[in-house]
Amino acid sequence: MPNETMIDGRSCEDGADGRAHPLPPGVETGSEIRARGERWIVQAIVAHDDCTELHLCSVTDGGGRVLLWPFDRPAAQTVVRRLRSVRLRRWWRGVASLSAAARMDGLCARAAGARVLAYQLDPALAVAHGTARVLLADEVGLGKTVQAGWIISDMVHRYRHARVLVAVPAGLRGQWQSELRDHFAIDSRAADAAWLRRSFAELPADVDPWSLPGVYVTSIDFLKRTDVLRSLERQLWDALIVDEAHAAAAPTERHAALAIVASRARVVVLITATPFSGDTAAFASLSRLGTMADDPPLMFRRSRDDVGESRARRHRFAVIRISAAERRLQRLLERYTTAVWNTTSDEGARLAMTVLRKRALSSPGAVARSLDRRRELLAGDHRAPQQLMLFDDESVTEDDEPVAALSAPGLPDEWREHRWLTQLAAAAHAAPDSKREYLVRLIRRLGRESAIVFTEYRDTLGQLATSFPGCLTLNGSMSTAARAEVQAEFNEHGGVLLATDAASEGLNLQRRCRVVICYELPWNPARLEQRIGRVDRIGQSRRVHAVTLVARDTAEDLVIARLARRLARVAATLGERDRLAGFLTDARTAGIVIGGKVEETPEATTVPRLTMAPATTDLARQETVRLSSDTTHFLKRYDGCIRVSSIRGSPILPPGFVFAFLCSANAGDGHLVDAHTAFVHVRDSHVLGPRSATDARNVAWAAIERYEHQALATIGPNAGMRLAHVRRVHEGIVGRLIAREVELRDWNMDVEEVQPGLFDRRAVTRAKEDAEARRWMRLEHDQRISALARTGQLTPRCDLVAVLVVHGGTTSGSLPPLPADRE
């Protein structure tokens with residue numbers, strides 16, 4: 001895709017054919033010219049009555065410009081061949097580097113500090129080949145953020161004025177910025193309220209802050225704000241990246257906002273390690289983001305075994321014998337919650353019972369606070385909010401007490417329920433915490449070993465913190481900066497980190513830690529993998545140990561642990577595990593634990609149809625998937641310069657000449673699409689060793705005049721076959737890009753009728769603004785389609801870039817060394 005251009009010079013009226021001022025010879029689309037003292041590639045020619053527009057791309061820095069003929073005087077760039085003598089090592093190094101000049105299967109991405117792993121390049125290669133929608137659903141710890149970084153890096157370096165929007169949970173914005181900076185040297189903008197206020201104050205009134213090129217990292221909840229979404233829906237994005245996409249499934253405000261932005265994004269990338277949570281409709285809503293059709297996205301769902309990154313892990317369920325007081329609390333709570341569950345079908349009341357049972361399995365102190373709060377709420381005649389969804393906390397990381405859920409009444413007899421709550425609260429306050437005592441002994445046994453302790457609730461975390469003075473804590477009430485500070489402190493010095501599930505997504509904590517302790521067993525056992533995945537990820541060099549504390553003779557031991565073990569047994573099969581993980585939701589587990597439902601078998605097919613990318617099993621592909629080097633650097637360094645060196649012949653390489661050709665294919669806008677080197681050895685037994693650099697160049701000139709045509713004829717068939725393949729692949733890529741552009745253009749042309757108010761015409765004004773924005777969008781789409789169509793035609797070239805003189809020795813002794821390189 002051509003770079004955006006900057007109009008420079010006079011404008012002229014549209015005309016018929018512009019024949020009044022014919023262009024100089026050699027100035028045509030795709031040719032190289034010289035103007036204003038610089039070298040340019042002609043991307044497009046637009047003729048008018050009184051002038052001709054030349055859309056140019058700079059060979060020096062890739063910048064775009066538009067000049068007017070005959071007001072500017074461009075001339076065709078003539079390439080003058082010159083020979084340059086170099087040492088043999090320098091000769092071979094220069095020729096070898098040409099093979100990476102540009103490849104159809106290559107990327108323009110650049111890695112500053114990222115470790116290049118073959119499987120992590122696959123999504124970026126798919127996007128570079130025209131795939132518009134991708135779902136990154138690899139296992140936890142396989143580097144999905146880095147894979148998205150490759151996509152962003154390739155787009156930023158491929159398109160000069162690319163605009164990428166990265167929507168992530170608020171707590172991960174800083175981490176995304178640091179990883180893009182550290183791994184890919186990409187400076188991104190932290191798009192938040194403070195940035196928006198600052199931008200409006202600094203930029204001109206008619207410039208939207210979101211319209212400038214660059215990479216924007218924002219939170220999903222920020223972009224769903226009405227004022228922010230109003231600006232975003234008027235922009236076209238080269239790519240939309242959504243992290244933890246499972247938290248933005250329909251029907252939610254997050255999904256509605258992302259759907260609007262995705263309808264204006266050329267590429268949509270969704271990232272989640274848990275794509276399917278058992279809700280087929282919610283998963284289908286994610287699959288449809290960014291398209292009007294029912295075409296599924298390309299999904300990458302790979303395990304550690306698939307990519308050769310399997311690491312040793314040991315996961316143990318530690319069954320803890322609880323005290324008689326704790327056992328009495330569990331039995332009383334079991335009777336109360338079962339009575340409420342069987343008495344009412346109200347979702348609010350059942351959600352309240354689920355909260356109480358889960359918090360009781362976390363710690364007696366946590367459930368004691370909830371029981372006291374529920375008793376106060378019911379006594380104050382509080383009622384549950386309308387339209388309260390059952391288990392609506394499954395996709396969030398809220399670790400505070402759910403007050404709204406606790407306010408829903410359960411039993412018809414209010415006095416009976418009050419007595420139940422009073423008795424339960426007294427039992428909770430009197431019960432010790434056997435798990436905490438076990439945890440203290442376990443941490444003491446670890447000695448200097450760092451460890452992360454996960455708990456689901458902030459109340460439990462606060463009680464545990466009193467047993468570990470000097471420990472670090474992470475919870476949902478902390479600001480983004482505070483979380484980042486704790487993460488950096490733990491990665492630097494280690495120790496004991498107490499965290500809620502607010503830290504179980506997206507954070508990298510493997511630098512100094514390999515031990516994860518789950519204080520209670522999540523009712524959705526799939527969350528165990530997210531917790532352990534904080535340390536069992538790329539960069540972990542030691543065996544990972546995970547310990548899950550389970551209270552004996554409770555629902556945690558008798559039901560949930562059995563489900564979790566079953567999930568662990570099928571961990572080697574992604575398809576089976578995905579079905580089981582979707583089956584074992586909080587809602588279904590609550591029905592089994594409280595409602596007494598019989599455990600069911602998951603359906604044979606639950607995940608909607610998707611296009612699944614093949615698993616990467618051969619890491620040797622890293623040798624074939626190469627990153628394209630800078631095309632500008634290639635053109636400046638090698639165009640017209642033929643390197644010459646010499647070597648003594650041998651039985652393997654007889655005397656003669658080795659010609660190195662660079663066969664390339666340029667798009668219609670002049671951009672280099674593909675290049676490869678071809679070598680031809682021409683035998684000549686009469687070649688003697690050159691005595692000097694000048695002698696070597698003279699011998700090479702004579703060989704070029706005599707054998708170049710013969711060598712070109714030799715490589716012709718293979719070069720033609722490669723060109724046919726490149727043309728077929730390139731046409732497919734351009735076709736997919738054009739199809740996506742047409743889809744976005746037609747998608748955003750719908751106009752809604754507006755009913756003007758009697759005294760308020762803001763709706764009419766807004767409709768006019770939207771119509772003007774749509775008009776500019778359509779114009780940009782049409783220009784992009786025209787530019788893409790021009791790139792469809794390929795022009796082949798085959799240039800001689802190096803000659804190696806293979807001699808049989810000199811008549812006067814040894815061959816003197818060639819001088820150093822002469823520029």
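The values are calculated or read from the model by the stated rules, or taken from the named source; none is laboratory data. Note that the structure is a prediction, hence the values are computed from the model and not measured. Here Cβ is always computed from backbone atoms with ideal geometry, including for glycine, and neighbour counts include all displayed protein chains. To get the accessible areas, we keep the full protein, side chains included, count just its heavy atoms, and leave off ligands, DNA and RNA. Shrake-Rupley method; radii C 1.70, N 1.55, O 1.52, S 1.80 Å.
A few notes on this one:
- Against the list (1) closer than 26 Å to Ala256 by Cα; (2) at pLDDT below 85, the condition Gln177 fails is (2).
- Any hit, segment 644-657, residues being within 24 Å of Ile41 (Cβ to Cβ), among the hydroxyl-bearing types (Ser, Thr, Tyr), in contact (Cβ under 8 Å) with a residue 60 or more places away in the chain and crowded, with 18+ Cβ neighbours inside 10 Å: no
- Among the residues of segment 175-191, those that are closer than 19 Å to Gln120 by Cβ and part of a loop (DSSP other than H, G, I, E, B) comprise Ala185, Ile186.
- Scanning segment 38-82 for residues that are closer than 30 Å to Cys108 by Cβ, of a type in the set (A, V, I, L, M, F, W, C) and not in a strand (DSSP E or B), we see that the one that is modelled with the highest pLDDT is Val80.
- In segment 467-483, the residues that are surrounded by 19 or more Cβ atoms within 10 Å (Cβ to Cβ) and assigned to a helix (DSSP H, G or I): Arg483
- Output for segment 399-438, where each listed residue is under 22 Å from Ala349 (Cα atoms), without any contact (Cβ under 8 Å) to a residue 12 or more places away in the chain and part of a helix (DSSP H, G or I): Trp415, Arg416, Arg419, Ala426
- Top-ranked residue of segment 704-722 - restricted to ones that are within 27 Å of Arg82 (Cα to Cα) and among the hydrophobic types (A, V, I, L, M, F, W, C), ranked as surrounded by the most Cβ atoms within 10 Å (Cβ to Cβ): Ala711
- Verdict on Ala360 being open to solvent by less than 40 Å² (accessible area, probe 1.4 Å) and either in contact with a Leu (Cβ under 6 Å, 6 or more places away or on another chain) or acidic (Asp, Glu) (or both): yes
- Restricting Trp195, Trp237 to residues that are within 24 Å of the chain's Cα centre (by Cα), surrounded by fewer than 17 Cβ atoms within 10 Å (Cβ to Cβ) and modelled with pLDDT of 90 or more narrows the list to Trp195.
- Residue check, Glu743 under 27 Å from the mean Cα position of the chain (by Cα), modelled with pLDDT of 65 or more and open to solvent by 60 Å² or more (accessible area, probe 1.4 Å): no
- Within segment 439-458, the residues that satisfy the criterion of being outside any loop (DSSP other than H, G, I, E, B) and surrounded by fewer than 20 Cβ atoms within 10 Å (Cβ to Cβ) are Val440, Arg441, Leu442, Ile443, Arg444, Arg445, Leu446, Arg458.
- Exactly one residue out of Gly462, Gly476 is in contact (Cβ under 8 Å) with a residue 40 or more places away in the chain, closer than 23 Å to Cys513 by Cβ and of a type in the set (Gly, Ala, Ser), and it is Gly476.
- The set of residues from segment 775-808 being basic (Lys, Arg), surrounded by fewer than 16 Cβ atoms within 10 Å (Cβ to Cβ) and assigned to a helix (DSSP H, G or I) comprises Arg775, Arg778.
- Filtering Leu788, Leu779 for residues that are at pLDDT 85 or above, of a type outside the set (Ser, Thr, Tyr) and farther than 30 Å from Ser664 by Cβ leaves a single hit, Leu779.
- Here Asp381 meets each of (1) in contact with a Lys or Arg (Cβ under 7 Å, 6 or more places away or on another chain); (2) modelled with pLDDT under 85 with one exception, condition (1).
- Scanning segment 116-174 for residues that are out of contact with any strand residue (DSSP E or B) (no Cβ under 9 Å at 6 or more places or on another chain), open to solvent by 20 Å² or more (accessible area, probe 1.4 Å) and outside any loop (DSSP other than H, G, I, E, B) yields a total of 1.
Quick grid of which residues meet (1) closer than 21 Å to Val319 by Cα; (2) in contact with a strand residue (DSSP E or B) (Cβ under 6 Å, 6 or more places away or on another chain):
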{"site": "Gly447", "(1), (2)": "no, no"}
{"site": "Thr455", "(1), (2)": "yes, no"}
{"site": "Asn491", "(1), (2)": "no, no"}
{"site": "Ala499", "(1), (2)": "no, yes"}
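- For segment 221-235, a residue qualifies if it is closer than 25 Å to His161 by Cβ, in contact (Cβ under 8 Å) with a residue 12 or more places away in the chain and assigned to a helix (DSSP H, G or I), and the qualifying residues are Phe222, Leu223, Val228, Leu229, Ser231, Leu232.
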